[in-house]
Amino acid sequence: MAHVDISPLMEAIGPLDDDILAVTAIGETWVVRLEDLDIQVEEDRAAQRHLLTAVVAGPPSAGRLEVYETLLQYNLLRRETGMCSALGPDGEVVLLAEVPSEGMNVPLLLDVLQNIAAKARAFAPLVAQAPAPAQAGDLDLGMIAIRI
């Protein structure tokens, strides 16, 4: 499969979405700046895909374990949500979406960016208000299961 130069796609998305404040290249990583969120777009040439990541927030220490357990459960829904979660270096919640390089186009890229932004915004209050251990199983992941 041939390499897909994402630069023209990244340059084209800014004017198509009013929520996008800036699209900037930093080395080989692109950053899409929204009012409340940055989404990074990186190319994985070896795997022929692009990885989009959004840092949501770090959970309070009292509810951290419950948030992490819920994120592991969310990862089981990867095929349904099109996304998975991970932990950043400081324990913050990070959402990840992989998009194959082949067939990458402006509408697809914009759709994935909008979906990861919507999920990050839905996750943020859940992470910030980490439930007590007895409430951890009560989180409704259906509200953040947006298929990309």
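The values are calculated or read from the model by the stated rules, or taken from the named source; none is laboratory data. Keep in mind that what you see is a predicted model, and the values were worked out from it rather than measured. Heads up, the Cβs are rebuilt from the backbone with ideal geometry, glycines too, and the neighbour counts pull from every protein chain shown.
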Flag for residue 63 being more than 20 Å from residue 128 (Cα to Cα), more than 17 Å from the chain's Cα centre (by Cα) and not basic (Lys, Arg): no
Of all residues making up region 54-88, the number that are modelled with pLDDT under 75 and of a type in the set (Asp, Glu): 1
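For region 1-45, enumerate the residues that are polar (S, T, N, Q) and under 18 Å from the mean Cα position of the chain (by Cα).
Hits for region 1-45 are 24, 29, 40.
Taking region 83-116 on its own, how many of its residues are part of a strand (DSSP E or B), surrounded by 14 or more Cβ atoms within 10 Å (Cβ to Cβ) and among the hydrophobic types (A, V, I, L, M, F, W, C)? Outline the logic, then answer.
Going through region 83-116, the residues part of a strand (DSSP E or B) turn out to be 84-87, 93-100.
Keeping just the survivors that are surrounded by 14 or more Cβ atoms within 10 Å (Cβ to Cβ) gives 84-85, 87, 93-99.
With among the hydrophobic types (A, V, I, L, M, F, W, C) added as a condition, the list becomes 84, 87, 93-97, 99.
Residues that pass the stated criteria total 8.
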Matching strands (runs of 3 or more DSSP E) fully within region 9-81 where at least 1 residues are among the basic types (Lys, Arg) and closer than 16 Å to residue 106 by Cα: 49-57
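Condition (residue is within 17 Å of residue 95 (Cβ to Cβ), aliphatic (A, V, I, L, M) and free of Cβ contacts under 8 Å to residues at least 60 places away in the same chain) applied to region 29-39: is it met by at least one residue?
At the first step, the residues of region 29-39 found to be within 17 Å of residue 95 (Cβ to Cβ) are 29-34, 36-39.
Okay, now just the ones that are also aliphatic (A, V, I, L, M), so 31-32, 34, 37, 39.
Now restrict to residues that are free of Cβ contacts under 8 Å to residues at least 60 places away in the same chain: 31.
Yes, that holds for at least one residue.
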Residue count for region 48-89, restricted to those that are out of contact with any strand residue (DSSP E or B) (no Cβ under 8 Å at 6 or more places or on another chain) and free of Cβ contacts under 8 Å to residues at least 12 places away in the same chain: 5
